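In what follows, a structure is listed as structure tokens, so that the remarks can point back to it.
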Amino acid sequence: MSADLAAPAAFQDQPISQLLVKVATRCNIDCSYCYWFRDAAVYDKPKLMSAGVLQQLLRRIEEHVSRYDLVAFPIVLHGGEPLLWGVENFHRFAEACEAISSRTGCTIPIAVTTNGVLIDAAWLNCFETHDIAVAISLDGPAHIHDIHRRTFQGTGTHAAVERAARLLVGRDIAVTALAVCNPAYPPTHYVDFFAGCGITSYDIMIPDATVDEKPPSIAAFYNGLFELWMAANRSRPAVSIRTISDMVAALLGNNSPTEGVGHKPVELCTVMTDGTIEAHDVLRIAGDGFTKTTFNIFDHLIDDVRNEPRWKAARDASINLCEKCRQCRFMNACGGGYLPHRFSRANGYDNPSVYCDDLYAMFENMQAVLERQLYVRRPDGERLSLRDALASH
């Protein structure tokens, strides 16, 4: 099977199709690997989004969806820790988006990414009432989670976060868990833990690192995780592990919704607590002020950011791959890997991912397994493995 099944069509300019809204720039816990605080410029921003900025943001959202006649416009509330913004502000924001939807016909799905520590009955009611999807940061079992995700006093946060996750699962709320891979531990530790919590949708994300760093190898971990995903999905209910399912989809020639998988432009727009507009927030791992622009929601429309030089540079870098990537047989499926992982001080984004060798090994393993596991049926009814079917042509 060729991993290069279908080259992407020419990348067309299109309006911003989703927003990442930073409603808080501070956090209530101290995660050692957090990309957000690698950039000291976050401390120059207001701690919380004000009522004035919120009202202007809502005006811009309605202008944007009306101007481009959008059918849907997803918004993710983010931080820091977004629940520091307060439950009343969440109600206010969700009700305003519901009103915009009724006036424009555009669906505005709202999601939040939270560490979960503050979740209580009031938050559960808010999420359930407004159909707010929740991604909770939970690095699997306590012995892995508490290595990096600790309080400012140095104590682990796992007990509080696991409690929040179980409360969410028990309500009518769309829940996804977000873990960061620690390759020192086998993937079964994560998979068994999430199964025990009743969480069937989660991701185990590749740790953030630039080319100037030397992160440990991840290929063995993800190859093992792929085997577990295959086994889990032979039964019901099915388990969704985002990184794995998106890599498989990309190998089969389908578009992946994940920014770090597939050859496609990264066109995220981030609105900060003061109303300034930036590119993808994870690009902060490149250093201080690296995402800063001169645009804001008071002087500019949301889609104006597409003309901002630093935003355009990040967008262009996401699809203009280095020479090694352009020659790779997994180029379309991989897309060069996650954009922040391609950054170096010397060459900017003109590098293979710091995880290039691992990604190649992961895609190679997946392709070999899929060739054995997927079948096609000939017109005469004969059933062949995909590998045999391709070999016969």
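Numbers at a glance
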item	result
Alpha-carbon centroids, segment 170-194 and segment 206-279: separation in whole Å	14
Selected from VAL271, GLY156, TRP229, residue furthest toward positive end of dipole (the chain; charges at beta carbon)	TRP229
Anisotropy class of segment 19-319 from Cα gyration tensor, a/c 1.5 cut	rounded
Mean ellipticity per residue at 222 nm, deg cm²/dmol - from DSSP H runs of n ≥ 4 across the chain, formula -39500 (n - 2.57)	-11000 deg cm²/dmol
FRET efficiency for ASP212 and ILE319, using Cβ-Cβ distance with R0 set to 22 Å, rounded to 0.05	0.45
Highest-first arrangement of 263-273, 142-152, 324-334, 109-119, where packing means the average Cβ count within 10 Å	263-273, 109-119, 324-334, 142-152
Peptides 343-351, 176-184 ordered by average Cβ neighbours within 10 Å, highest first	176-184, 343-351
Reachable lysines, given that their alpha-carbon falls under 18 Å from the alpha-carbon of LYS22 and they are not under 8 places away in the same chain	LYS45, LYS47, LYS292
For segment 2-146, the spread of Cα positions along each principal axis, largest first, Å	48, 45, 33
ASP299 paired with ALA346, simple spin-label distance in nm, labels 7 Å along Cα-to-beta-carbon	3.8
Residue-count net charge about ASP246 - beta-carbon cut-off 11 Å; Lys, Arg +1, Asp, Glu -1	-1
Antiparallel bridges, percent of DSSP beta bridges restricted to the chain (to nearest 5)	30
Selection of GluC sites (Glu not before Pro), segment 61-136, meeting DSSP coil and at most 16 other Cβ within 10 Å	none
Partnerless cysteines, meaning none of the other Cys C-beta atoms lie under 4.7 Å away, in the chain	CYS27, CYS97, CYS106, CYS126, CYS181, CYS197, CYS269, CYS322, CYS325, CYS328, CYS334, CYS356
Only Lys, Arg (+1) and Asp, Glu (-1) charged, at Cβ; the chain dipole about Cα centre in debye	300
Candidate aspartates and glutamates for bridging to LYS312, where Cα separation is under 13 Å - those fewer than 8 sequence places away on the same chain excluded	ASP13, GLU267, GLU278, ASP303, ASP304
Dipole of the chain, positive end: most advanced residue of ILE199, TYR349, ILE108 [Cβ charges, Cα centre]	ILE199
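Quick note: the coordinates plus some simple rules give every number you see, no bench work behind them. Keep in mind that this is a model prediction, so the values were computed, not measured. Every residue, glycine among them, receives a Cβ derived from its backbone with ideal geometry; neighbour counts consider all protein chains shown.
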